[in-house]
Amino acid sequence: MKNLHILYIPLMVGIASILGCASIQQAVPNVPPEVQNVQHKLKKMREEAGRKVVKWDPSALFFDDFNKYPLGVVAPFGPWKNINTDAHIEKGVQPDKSVGNILKAGDGILMLNYSFKYFTLEFNFKVEPLEKQLRVYFLLNGDATAGYYVDKDWGGSPVTLNKFAGSTQMQIAKSSGFEVGDDWNYGKIKVTPSSIEVYINGTKYIDMPNNDPSLQEGAIGLSRGGAYYDNIKITPVK
């Protein structure tokens, strides 16, 4: 009987292990290829639906579609300041598929000469196939030496939220990586008394506390030589 008892213990442990593995396998079933295809199509549909064309509305504090500037004009123009940039106006196919003026960004900063505190910044952006670069500044001080910026590099890179002052900078938030494609995209940055949120094509990628008392109001800026921008709209946070 003693020997049978010794054999019984490992036998029961083995059965329990098998049952445990079976339950784990049942908890994570294999997804059939046809279901994967449907899920992929739904994801693409959501992405396309998120590619909003930004338009003026009466609630806007500021709106610029760049159509009022002469073709080829280099910054500064209108309310936009030149911070070491060669940003200029080009003719191109706009987000609504019509032909008109768009902004070709430069490596410096094209800074809007207005200051905002709590706001929603919406914009359309397009990146060149081999560049895929995006950089949007906000809450900039008067000479653009301190503030925040949102960065999205080429390929399946993440969106990052960064803070800088003088020659120092720090990444304070980072999303998972994803592609934006070569078509026009929709970006949104929302600054409230408590949070900073970043959306691309309708998906929220960053949500961080707005807790730096030294960066509570400032200008916005557009940058990166591989990016085009159109339809810049700023509305108050309700």
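The values are calculated or read from the model by the stated rules, or taken from the named source; none is laboratory data. Worth saying up front: this structure is predicted, and the values here are computed from it rather than measured. Heads up, the Cβs are rebuilt from the backbone with ideal geometry, glycines too, and the neighbour counts pull from every protein chain shown.
The table below gives the values:
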| read-out | value |
| --- | --- |
| Number of the condition not met by S175 [criteria: (1) modelled with pLDDT of 95 or more; (2) over 22 Å from I234 (Cβ atoms); (3) loosely packed, with under 14 Cβ neighbours inside 10 Å] | (3) |
| Residue that is nearest to Y229 (Cα to Cα), among those in region 59-118 that are polar (S, T, N, Q) and in a loop (DSSP other than H, G, I, E, B) | Q94 |
| Failed criterion for K126 (all others in (1) crowded, with 17+ Cβ neighbours inside 10 Å; (2) among the charged types (D, E, K, R); (3) at pLDDT 95 or above hold) | (3) |
| Residue in region 200-210 that is more than 30 Å from D96 (Cα to Cα), in a strand (DSSP E or B) and within 17 Å of the chain's Cα centre (by Cα) present | yes |
| Which numbered condition V191 fails, given (1) closer than 27 Å to K55 by Cα; (2) in contact with a Pro (Cβ under 8 Å, 6 or more places away or on another chain); (3) not small (G, A, S) | (2) |
| Conditions (1) farther than 26 Å from V93 by Cβ; (2) in a strand (DSSP E or B); number of the one not met by L215 | (2) |
| Cβ pairs under 8 Å, 6+ apart, first in region 60-78 and modelled with pLDDT of 95 or more, second part of a loop (DSSP other than H, G, I, E, B) and of a type in the set (D, E, K, R) | V74/D86; A75/D86; G78/K68 |
| Top-ranked residue in region 129-165 [being among the polar types (S, T, N, Q) and in a strand (DSSP E or B); ranked as surrounded by the most Cβ atoms within 10 Å (Cβ to Cβ)] | T160 |
| Residues of region 109-122 that turn out to be modelled with pLDDT of 95 or more and under 21 Å from P70 (Cα atoms), as a count | 4 |
| Some residue of region 85-94 being modelled with pLDDT of 95 or more, closer than 23 Å to V53 by Cβ and either touching a helix residue (DSSP H, G or I) at 6+ places or on another chain (Cβ under 9 Å) or small (G, A, S) (or both) | yes |
| Answer from K238, K188, K233 - the residue that is outside any strand (DSSP E or B) and among the basic types (K, R) | K238 |
